[in-house]
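The values are calculated or read from the model by the stated rules, or taken from the named source; none is laboratory data. Since the structure is predicted, the reported quantities are computational estimates derived from the model, not experimental observations. Note that each Cβ is placed from the backbone with ideal geometry, even for glycine, and that neighbours are counted across all protein chains shown.
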Amino acid sequence: MNEAEVEINHESERRGEIRAVMSFVLVLAILFGSIGVAVMFVVNKVESTPGEVKVTLPTVVTMPLEVGSYSPKITSEGVVRSRREVRVAAEVSGKVVKISDQLIDGGAVEEGEVLAWIDKADYTAALARAESSEADAVLNRDLEIARQKQAERDWLKLRKGNEEIPDLVKRVPHLKSAEARLASATEEVERAVRDLERTEVKAPFSGRIREAGVEKGAVLVPGSMVAELYSDEDLEVRLPFSLRDFGLVPEEGKKQEITLTAQVGARVERWPAVVDRIEGEVERSTLSGYAIARVLPSEDGNYPKVGLFVRTEVSGTRLDGVAEIPRRALRGSSEVWVVVEGEDSIIEKRTVEIVRTSREEVVVRGDFEAGDRLVLTRLNAPVVGMKVLEVKELDEGEESKN
């Protein structure tokens, strides 16, 4: 090994020794520094003094809880329909020789107005024959009366003692037969007159033609439809109610006045109506009960169109001992929270019975006490007896959900 290599080895060993010494000094510095900091904390420690602990109470929005009487407004809707509808049919056969100008779909007719005329020639002839037969029957009856009187006179001339005149001698059977033939002939005349009248098919009541069934030249037989007619003034609406609401509809006999409304174009039209009756059967397919309202004319004397969709409100039977609360105050299916009367605002739970529900409100019955205030805020983990910070109102969106 030459001198250069020896010198390099000595230099490496010296550097290693220097690094070891510096590491030892760094460790000693860290140790003594930590001891100094600990001593400083001990010397300068702060003595804590006991004080009040501040507790943040959950904020709830409440409203007064009023228990009393409530008359629900039950909404329903239905379609206007006519109470009188009929298929007008021909009662005699024959060819239609003329029809009314109103015998068209939508035509307006009055009671007794002729809708169609059937050829009456055959029926006029039948009436003439019947009248001829009746005249012959009258003559025959009169002859029998004359013969009876003559027979009585002849008997009186030839009788012996007080013997009564036999009925056959008095021609009593002959007279009865003549009177029967006369009665039959009279009935035939009356039937011929009716058939002749029936050649004019008339409207049984005022209304409108829903469907015309004949044209001029058609040949009709008894029962052929001439027109389908409905009354446009004798109207009603069948109003459905859910079973829960149906139990609140006033019983039959209480003729309640209601108002029907409908959107017709850009305007809302109204008509008065009266709840006429309650149907005695529940519809199984929809589990609904029905009330029938009779439609009255509006102030200007108009009626709604048949088939128009209308809405209305019916005042339900009065309920006592109930409270109307917002739906959002209900917790679960049958619970609410209330702030009870006292120095502190403490919440308690009340179990309620739901009497009726609507879109925004719920009518309930429960064991409420005077001074209870309904909690509207939904709490995450409410506990009976928990204190809260009660506020009467908050802007929308500011309610706490603690």
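General observations
- Residue count, the range 316-364 (criterion: under 28 Å from the mean Cα position of the chain (by Cα), surrounded by fewer than 12 Cβ atoms within 10 Å (Cβ to Cβ) and without any contact (Cβ under 8 Å) to a residue 40 or more places away in the chain): 5
- Residues located in the range 60-83, provided they are within 28 Å of SER358 (Cα to Cα), buried (at least 17 other Cβ atoms within 10 Å of the Cβ) and among the hydroxyl-bearing types (Ser, Thr, Tyr): THR62, TYR70, SER76
- Selection status of LEU229, crowded, with 18+ Cβ neighbours inside 10 Å and either out of contact with any Leu (no Cβ under 6 Å at 6 or more places or on another chain) or modelled with pLDDT of 95 or more (or both): yes
- Any hit, the range 221-241, residues being on the phi > 0 side of the Ramachandran plot and within 20 Å of the chain's Cα centre (by Cα): no
- Among the candidates GLU269, GLU215, GLU283, residue that is in contact with a Gly (Cβ under 9 Å, 6 or more places away or on another chain) and among the acidic types (Asp, Glu): GLU283
- Selected residue [at pLDDT below 90 and among the small types (Gly, Ala, Ser)] from ALA273, ALA291, ALA266: ALA266
- Residues of the range 304-315 that are over 19 Å from GLY68 (Cα atoms) and either of a type outside the set (Ser, Thr, Tyr) or surrounded by fewer than 19 Cβ atoms within 10 Å (Cβ to Cβ) (or both): PRO304, LYS305, VAL306, GLY307, LEU308, PHE309, VAL310, ARG311, GLU313, VAL314.
- Answer from LYS149, LYS170 - the residue that is over 30 Å from PRO304 (Cα atoms), free of Cβ contacts under 8 Å to residues at least 24 places away in the same chain, surrounded by 13 or more Cβ atoms within 10 Å (Cβ to Cβ) and more than 58 Å from the chain's Cα centre (by Cα): LYS170
- Flag if VAL189 is farther than 30 Å from GLY112 by Cα, of a type outside the set (Lys, Arg) and in contact with an Asp or Glu (Cβ under 9 Å, 6 or more places away or on another chain): no
- Close pairs (6 angstrom Cβ cut-off, 6 or more residues apart or separate chains): in the same structural domain as ASN302 (by TED's automatic domain parsing) in the range 259-281, aromatic (Phe, Trp, Tyr) anywhere: LEU260/TRP271; GLU279/TYR290
- Filter pass, VAL282 being touching a helix residue (DSSP H, G or I) at 6+ places or on another chain (Cβ under 8 Å) and either loosely packed, with under 12 Cβ neighbours inside 10 Å or over 21 Å from GLY207 (Cβ atoms) (or both): yes
- Positions within the range 273-283 being in a strand (DSSP E or B) and either among the aromatic types (Phe, Trp, Tyr) or out of contact with any strand residue (DSSP E or B) (no Cβ under 6 Å at 6 or more places or on another chain) (or both), in sequence order: GLU283
- Candidates ILE165, ILE74, filtered to the one that is among the β-branched types (Val, Ile, Thr), in contact with a Phe, Trp or Tyr (Cβ under 9 Å, 6 or more places away or on another chain), in a loop (DSSP other than H, G, I, E, B) and more than 25 Å from LYS202 (Cβ to Cβ): ILE165
- Contact annotation: residue pairs with Cβ atoms under 9 Å, 6 or more positions apart or on different chains, pairing a residue in the range 115-126 that is hydroxyl-bearing (Ser, Thr, Tyr) with a partner that is surrounded by 19 or more Cβ atoms within 10 Å (Cβ to Cβ) and part of a helix (DSSP H, G or I), are TYR123/ALA192; TYR123/ASP195; THR124/ALA192.
- Test: PRO250 is modelled with pLDDT under 95 and either more than 30 Å from ASP154 (Cα to Cα) or in the same structural domain as VAL355 (by TED's automatic domain parsing) (or both): yes
- Taken residue by residue, the range 199-213 has at least one member that is over 44 Å from the mean Cα position of the chain (by Cα) and either in a strand (DSSP E or B) or at pLDDT 95 or above (or both).
Yes/no per residue for (1) closer than 30 Å to GLU200 by Cα; (2) in a helix (DSSP H, G or I):
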residue: ALA125; (1), (2): yes, yes
residue: SER132; (1), (2): yes, yes
residue: ASP136; (1), (2): yes, yes
residue: GLN148; (1), (2): no, yes
residue: ALA151; (1), (2): no, yes
residue: VAL169; (1), (2): no, no
residue: LYS176; (1), (2): no, yes
